[in-house]
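Peer 1: Have a look at this one.
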Amino acid sequence: MKIEQAYTIVCAPGRNFVTLKIVTEDGVYGIGDATLNGREMAVVAYLEEHVLPALIGRDASCIEDIWQYLYRGAYWRRGPVTMAAIGAVDVALWDIKAKVANMPLYQLLGGRSRERVMTYAHCTGKDIDGCLQEVERHVAQGYRAVRVQAGIPGIPTIYGVAKREGERYEPADSELPAEHVWSTEKYLNHVPQLFAAVREQFGHDLHLLHDVHHRLTPIEAARLGKAVEPYHLFWLEDCVPAENQESLRLIREHTTTPLAIGEVFNSIHDYREMIQNQWIDYIRTPLSHGGGITHMRRVADFAALYHIRTGFHGPTDLSPVCLGAAIHFDSWVPNFGIQEYMPHDDLTLQVFSHDFRFEDGHFIVGEAPGHGVDIDESLAAQYPWKRASLPVNRLEDGTLWHW
Ligand SMILES: O=C(O)C(=O)C[C@H](O)[C@H](O)CO
Ligand SMILES: [Mg+2]
């Protein structure tokens, strides 16, 4: 089953996406998501210049060997660009293997461990009232879990909150990075009030999540974790930038609020100390950024030894290909926790057909052979890539901070 063709498809139906297509000599093809928000063309160049030429003629069924070839063989290991490129190849090869076996991908992974995959929605408002309305709307749609974020008085722009009421949230919203302002003091004083209001109106059955988006120091994160303990969060996400894994120890020692981390991680080594010391509760790396199914399966198995569960990143800046593959993985993985779901817009879904279903706050995996997501290349070609950058963030005195 030799690989005959491998190429990238770069398009912007609603937003930028990079898709990798691998075609075998028998005409079977697989697709993978290679989108790295705000850095798309770096992955395209990595694939086109360094990876794809070396794939031609290789046996598409040797997924493990190709993974090792691209990882060990490159000499330069890890990093978001490398691992997104490897992830796209890996998911495309699993798609091919499942199509050849005439099975949905989850069957190859070991079969279903659950009937449906619980998701969480983003509920955001300019203020607490606006957020409460969004929670009400999502609960009415059947969601059992919601991520709540609200504007902070005195901070003009904030991550996770759409610019205008009713608009879709898109962080990569300008050609060059927009500049945001951050005040840890204002945030820490305000955010517990949001949880108090949500619990008062919706009671304690609804799962509540919150994303700190890497902005606190360990001791500040510990303070926040303690402050929100009465509201029983499902998780507090990315509460510190975690290059230093030890940061999580201090937070863990101070609070019982569950901790999720890793949407910017790409390797098992980014997690190793925090997993084996049980400093975290959920792993966030999406398949496409974490070297694909082959590598994320190892991370999930390792995490399972320590009672840590999956909670994959699922923003709109990962394509439906990544989401579709994730739903197969989520349906199989024994230590599943939750799946993030930010719905793609209609144009994106016209370009990427899919066979998973969304029902009552859950995904139901499809039965088509492969991962069930495809791309309409001629429609995609009508929407060319446009440069779009993530914002940068500064403290009120101008110091560059974590966005
Ligand atoms: O979905 C989340 O939890 C995010 O933090 C979204 C990120 O800001 C986004 O994917 C950056 O590209
Ligand atoms: Mg996040």
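The values are calculated or read from the model by the stated rules, or taken from the named source; none is laboratory data. Predicted, not measured: the structure shown is a model, and the values here were computed from it. All Cβ positions, even for glycine, are placed from backbone atoms using ideal geometry, and neighbour counts span all protein chains on display.
Peer 1: Looking at His204 and the list (1) under 25 Å from the mean Cα position of the chain (by Cα); (2) of a type outside the set (A, V, I, L, M); (3) in a loop (DSSP other than H, G, I, E, B), which single condition is not satisfied?
Peer 2: Here His204 clears every test but (1).
Peer 1: When you scan segment 13-33, do you find a residue that is under 22 Å from Phe352 (Cα atoms), out of contact with any Phe, Trp or Tyr (no Cβ under 6 Å at 6 or more places or on another chain) and without any contact (Cβ under 8 Å) to a residue 24 or more places away in the chain, even just one?
Peer 2: Yes: one or more hits.
Peer 1: Next up: Return the only residue of Ile280, Ile308 being at pLDDT 95 or above, within 16 Å of ligand 1 (Cβ to nearest atom), over 15 Å from the mean Cα position of the chain (by Cα) and not assigned by TED's automatic domain parsing to the domain that holds Ala34.
Peer 2: Unique residue meeting the criteria: Ile280.
Peer 1: For segment 331-357, what are the residues that are closer than 27 Å to Phe234 by Cβ and either within 16 Å of ligand 2 (Cβ to nearest atom) or part of a strand (DSSP E or B) (or both)?
Peer 2: Phe336, Gly337, Ile338, Gln339, Glu340, Tyr341, Met342, His354, Arg357
Peer 1: When both residues are 6+ apart or on different chains and their Cβ atoms are under 8 Å apart, which pairs have a first residue that lies in segment 161-189 and is part of a loop (DSSP other than H, G, I, E, B), and a second that is more than 16 Å from ligand 2 (Cβ to nearest atom) and of a type in the set (A, V, I, L, M)?
Peer 2: Ala172/Ala388; Asp173/Ala388; Glu175/Ala388; Pro177/Val392; Ala178/Val392; Ser183/Ile152; Ser183/Ile155; Ser183/Leu395
Peer 1: Continuing with this model, one more query. If the requirement is being within 16 Å of ligand 2 (Cβ to nearest atom), surrounded by fewer than 24 Cβ atoms within 10 Å (Cβ to Cβ) and either at pLDDT 95 or above or not assigned by TED's automatic domain parsing to the domain that holds Asp65 (or both), which of these qualifies: Pro315, Pro286?
Peer 2: Checking each option against the conditions leaves just Pro315.
Peer 1: All but one of (1) within 21 Å of Ile96 (Cα to Cα); (2) in the same structural domain as Thr119 (by TED's automatic domain parsing); (3) more than 17 Å from the chain's Cα centre (by Cα) hold for Phe302; which doesn't?
Peer 2: (1)
Peer 1: Hey, does segment 383-397 have a residue that's among the small types (Gly, Ala, Ser), within 16 Å of ligand 1 (Cβ to nearest atom) and within 21 Å of the chain's Cα centre (by Cα)?
Peer 2: Yes, segment 383-397 contains a residue that is among the small types (Gly, Ala, Ser), within 16 Å of ligand 1 (Cβ to nearest atom) and within 21 Å of the chain's Cα centre (by Cα).
Peer 1: May I ask you to say which residue of Val146, Val135 is within 30 Å of Ile293 (Cα to Cα), assigned by TED's automatic domain parsing to the domain that holds Leu209, touching a residue at least 60 places away in the same chain (Cβ under 8 Å) and buried (at least 18 other Cβ atoms within 10 Å of the Cβ)?
Peer 2: Of the residues listed, the single one that is within 30 Å of Ile293 (Cα to Cα), assigned by TED's automatic domain parsing to the domain that holds Leu209, touching a residue at least 60 places away in the same chain (Cβ under 8 Å) and buried (at least 18 other Cβ atoms within 10 Å of the Cβ) is Val146.
Peer 1: Let me ask another. For Leu52, indicate whether it is within 18 Å of Asp374 (Cα to Cα), at pLDDT 95 or above and either in contact with a strand residue (DSSP E or B) (Cβ under 8 Å, 6 or more places away or on another chain) or surrounded by 23 or more Cβ atoms within 10 Å (Cβ to Cβ) (or both).
Peer 2: no
Peer 1: Select, from Gln339, Gln350, the only residue that is polar (S, T, N, Q), in contact (Cβ under 8 Å) with a residue 24 or more places away in the chain and farther than 21 Å from Leu209 by Cβ.
Peer 2: Within the list Gln339, Gln350, the selection yields Gln350.
Peer 1: Test Val240 against the stated conditions and say whether it is β-branched (Val, Ile, Thr), on the phi < 0 side of the Ramachandran plot, more than 16 Å from ligand 2 (Cβ to nearest atom) and touching a residue at least 24 places away in the same chain (Cβ under 8 Å).
Peer 2: no
Peer 1: I need the full set of residues from segment 283-305 which are touching an Asp or Glu at 6+ places or on another chain (Cβ under 6 Å) and either part of a loop (DSSP other than H, G, I, E, B) or within 12 Å of ligand 1 (Cβ to nearest atom) (or both), in order please.
Peer 2: Arg284, Ser288
Peer 1: Quick test for you: out of Gly87, Gly57, Gly79, Gly27, pick the one residue that is modelled with pLDDT of 95 or more and surrounded by 21 or more Cβ atoms within 10 Å (Cβ to Cβ).
Peer 2: Gly87
Peer 1: Right, next: Within segment 242-263, how many residues are aliphatic (A, V, I, L, M), within 18 Å of His232 (Cα to Cα) and away from ligand 1 (no atom under 16 Å from the Cβ)?
Peer 2: Residues flagged as aliphatic (A, V, I, L, M), within 18 Å of His232 (Cα to Cα) and away from ligand 1 (no atom under 16 Å from the Cβ) within segment 242-263 amount to 1.
Peer 1: Let me ask you something else. Going by the structure shown, is Ala221 within 16 Å of ligand 2 (Cβ to nearest atom), assigned to a helix (DSSP H, G or I), in the same structural domain as Thr310 (by TED's automatic domain parsing) and over 18 Å from the mean Cα position of the chain (by Cα)?
Peer 2: So Ala221 fits the description; yes.
Peer 1: Still on this model: Determine whether Asp317 is under 22 Å from Arg78 (Cβ atoms), touching a residue at least 40 places away in the same chain (Cβ under 8 Å) and within 16 Å of ligand 1 (Cβ to nearest atom).
Peer 2: Judged against the criteria, Asp317 is a match.
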